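Enquirer: Once you've had a glance at the structure underneath, I'll fire off some questions.
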Amino acid sequence: MAARRLSSLLSRSLHLPSVSASLGRSHGVGRHINRFSTAAAVEEIITPPVQINHTKLLIDGQFVDSASGKTFPTLDPRTGEVIANVAEGDLEDVNRAVAAARKAFDEGPWPKMSAYERSRIMLKFADLVEKHNDEIAALETWDNGKPYLQAAQAEVPSFVRLFRYYAGWADKIHGLTVPADGPHHVQILHEPIGVAGQIIPWNFPLLMMAWKVGPALACGNTIVLKTAEQTPLTALYVANLFHEAGLPPGVLNIVSGFGPTAGAALASHMDVDKLAFTGSTETGQTVLQLAAKSNLKPVTLELGGKSPFIICEDADIDHAVELAHFALFFNQGQCCCAGSRTYVHERVYDEFVEKAKARAMRRVVGDPFKKGVEQGPQIDSEQFQKILRYIREGRDSSATLECGGDRIGSKGYFIQPTVFSNVKEDMSIAQDEIFGPVQCVFKFKDIGEVIKRANNTRYGLAAGVFTKNINTANTLTRGLRAGTVWINCYDIFDAGIPFGGYKMSGMGREKGIYSLNNYLQVKAVVTPLKNPAWI
């Protein structure tokens, strides 16, 4: 299950058995799931059958209140109502967490135990997460709004797969012996970098945690993780399982809180040795500045995107429509690598637009715990209003609104799947990362033209190519300036595939072997040789 692709799982989601019966009781008066054109997105709200037991900060192996005693509410995006109040960490809490991580690294057993023992703890943790799959998925859906089946059958298994992958790497990280020009023995050591600060986003809370925590632990580091204020709950839940698996105190510390306080304190902390951040490009620039102005800690950034999805004239249009739809609308459009600029060859453009509009109008929006629902609510009011503002700007431009363009219902943060055609590069909906269910369709004439237009952006995170011609595919993949190019597929996120961007989409890579380099220091050790038999 863990190795299944997100795309293949989600394409089959409508045929899976009902999950409602296993997820708790419903309340309300309605009985049906409505498509986006109806007045209300949710006629029944399912109560998730998961207990919220962890709302405090995790510092030095203990769940503790914030130093200030403050809390903040985390909201159910289906209704805007409070799920729980969570401890609000700030500078003093970050200082406590970093001190615990420093002590665990300098004095604790984690970096000193064998890599095999570290891998055993990580594998035991993965087994525990797998055992609690349904509860974790329900909590992720409740706090985030993503479809339950996506969380339960794709994202939690992928989280498990990632930790098993990095557990496998733990005892395979090794250095080199380098020949010298003279009588010297030269060994290159790969050492853990120390205390890693990590800041994760709200759109994929569990997966982004795995992308960062997995390689850091495999390399023998200790961690202070700052969760997104919108989605703090699942990280705290699984952290408790980590300690059940035998992780020593202080190795993983979790601070929930806000970016300007807890996030800034972590980014600028003088005793943090490495920083990893996933989020918007604008916030990434701030994080990089704070890291540079403090102790010049190295920074890995996975930032925004405005990814092109290019449909060539030889495409099977029905297949292309479905894949382009998935590339954009997956996760409510809240995906940094979403195929948010759909370029279609002029010969098939009109047919594609009509079928893309029809597919968007068939998309089922509603309570993400319900069977058959493809799209849940946006994460919060701020993101909801931002998306609606971009839709208004698209309407006010010369783009054609094919369908959607409005909210659904009066409660929660549901937005109609929206398609714009006749989009031009100078429009805000073409240039900016909307991060919502808004598909923008462009027309192109030839390959050289579309490469230039696709690359004419400050981003370079990902791209998609849909064609039957291998020569066309090769020309496009080499011409597109993006960290990932998917050919006749999209959103394939296997554990071993590196992910990261060109230009203002970030620096460094996550996942795969490349992510290990983010958490290792390289040390050269040179020893004289006296009368060596060979050099």
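Enquirer: If you scan segment 70-98, which residues turn out to be in a helix (DSSP H, G or I) and crowded, with 21+ Cβ neighbours inside 10 Å?
Expert: Result: Asp93, Val94, Ala97, Val98.
Enquirer: Is it the case that Leu128 is open to solvent by 40 Å² or more (accessible area, probe 1.4 Å) and either in contact (Cβ under 8 Å) with a residue 60 or more places away in the chain or in contact with a strand residue (DSSP E or B) (Cβ under 8 Å, 6 or more places away or on another chain) (or both)?
Expert: Working: open to solvent by 40 Å² or more (accessible area, probe 1.4 Å): no; either in contact (Cβ under 8 Å) with a residue 60 or more places away in the chain or in contact with a strand residue (DSSP E or B) (Cβ under 8 Å, 6 or more places away or on another chain) (or both): yes.
No: the conditions fail for Leu128.
Enquirer: Which one of these is on the phi > 0 side of the Ramachandran plot and in contact (Cβ under 8 Å) with a residue 12 or more places away in the chain: Asn488, Asn469, Asn455?
Expert: Working: Asn469 fails: on the phi > 0 side of the Ramachandran plot; Asn455 fails: on the phi > 0 side of the Ramachandran plot.
After applying the criteria, what remains is Asn488.
Enquirer: While we're on this one: Can you tell me which residues in segment 297-311 are over 25 Å from the mean Cα position of the chain (by Cα) and either at positive phi or open to solvent by 10 Å² or more (accessible area, probe 1.4 Å) (or both)?
Expert: Our first condition is that a residue be over 25 Å from the mean Cα position of the chain (by Cα); within segment 297-311, this holds for 311.
Across segment 297-311, there are no qualifying residues.
Enquirer: Hey, another quick one. Could you please find all residues in segment 273-314 being of a type in the set (D, E, K, R) and more than 30 Å from Cys489 (Cβ to Cβ)? Steps first, please.
Expert: Quick first cut of segment 273-314, residues of a type in the set (D, E, K, R) only: 273-274, 282, 293, 297, 302, 306, 313-314.
Selection gives Asp273, Lys274, Glu282, Lys293, Lys297.
Enquirer: Are there any pairs with C-beta distances below 9 angstrom linking a residue in segment 501-517 that is of a type outside the set (A, V, I, L, M) and at pLDDT 95 or above to a residue that is part of a loop (DSSP other than H, G, I, E, B) and open to solvent by 80 Å² or more (accessible area, probe 1.4 Å), with the two at least 6 apart or on different chains, and if so which?
Expert: Tyr502/Arg481; Lys503/Arg458; Lys503/Arg481; Ser505/Arg458
Enquirer: Next question. Give me a count of the residues in segment 253-296 that are outside any helix (DSSP H, G or I) and either open to solvent by 10 Å² or more (accessible area, probe 1.4 Å) or hydroxyl-bearing (Ser, Thr, Tyr) (or both). It would help to see each step written out before you state the result.
Expert: So the first thing to find is which residues in segment 253-296 are outside any helix (DSSP H, G or I), and the list is 253-258, 268-280, 294-296.
Next cut, either open to solvent by 10 Å² or more (accessible area, probe 1.4 Å) or hydroxyl-bearing (Ser, Thr, Tyr) (or both) only: 256, 258, 268-271, 273, 277-280, 294-296.
Matching residues across segment 253-296 total 14.
Enquirer: Looking at the structure I just gave you, is Arg359 of a type outside the set (Phe, Trp, Tyr) and in contact with an Asp or Glu (Cβ under 6 Å, 6 or more places away or on another chain)?
Expert: Numbers: of a type outside the set (Phe, Trp, Tyr): yes; in contact with an Asp or Glu (Cβ under 6 Å, 6 or more places away or on another chain): no.
No, not satisfied.
Enquirer: Given the criterion modelled with pLDDT of 95 or more and in contact with a strand residue (DSSP E or B) (Cβ under 7 Å, 6 or more places away or on another chain), identify the matching residue among Asp380, Asp396. First the steps, then the outcome.
Expert: Values: Asp396 fails: in contact with a strand residue (DSSP E or B) (Cβ under 7 Å, 6 or more places away or on another chain).
Exactly one residue qualifies, and that residue is Asp380.
Enquirer: Name the residue, out of Leu207, Leu217, that is assigned to a helix (DSSP H, G or I), touching an Asp or Glu at 6+ places or on another chain (Cβ under 7 Å) and at negative phi. Give the steps one after another, and end with the answer.
Expert: Numbers: Leu217 fails: touching an Asp or Glu at 6+ places or on another chain (Cβ under 7 Å).
Leu207 is the lone residue from the list that is assigned to a helix (DSSP H, G or I), touching an Asp or Glu at 6+ places or on another chain (Cβ under 7 Å) and at negative phi.
Enquirer: Would you please list the contacts, defined by Cβ atoms under 7 Å and residues six or more apart or on different chains, that run from a residue in segment 318-329 that is farther than 12 Å from Lys355 by Cα and free of Cβ contacts under 8 Å to residues at least 12 places away in the same chain to a residue that is crowded, with 24+ Cβ neighbours inside 10 Å and of a type in the set (Asp, Glu)?
Expert: none
Enquirer: Do the conditions hold for Gln230, that is, is it part of a strand (DSSP E or B) and either at pLDDT 95 or above or under 30 Å from Val526 (Cβ atoms) (or both)? First the steps, then the outcome.
Expert: On the way: part of a strand (DSSP E or B): no; either at pLDDT 95 or above or under 30 Å from Val526 (Cβ atoms) (or both): yes.
It is false that Gln230 is part of a strand (DSSP E or B) and either at pLDDT 95 or above or under 30 Å from Val526 (Cβ atoms) (or both).
The values are calculated or read from the model by the stated rules, or taken from the named source; none is laboratory data. Quantities reported herein were computed from a predicted structural model and do not represent experimental measurements. Positions of Cβ are generated from backbone atoms using ideal geometry, with glycine treated the same way; all protein chains shown enter the neighbour counts. These area figures cover heavy atoms from the full protein model, side chains too; ligands, DNA and RNA do not enter into them. Shrake-Rupley method; radii C 1.70, N 1.55, O 1.52, S 1.80 Å.
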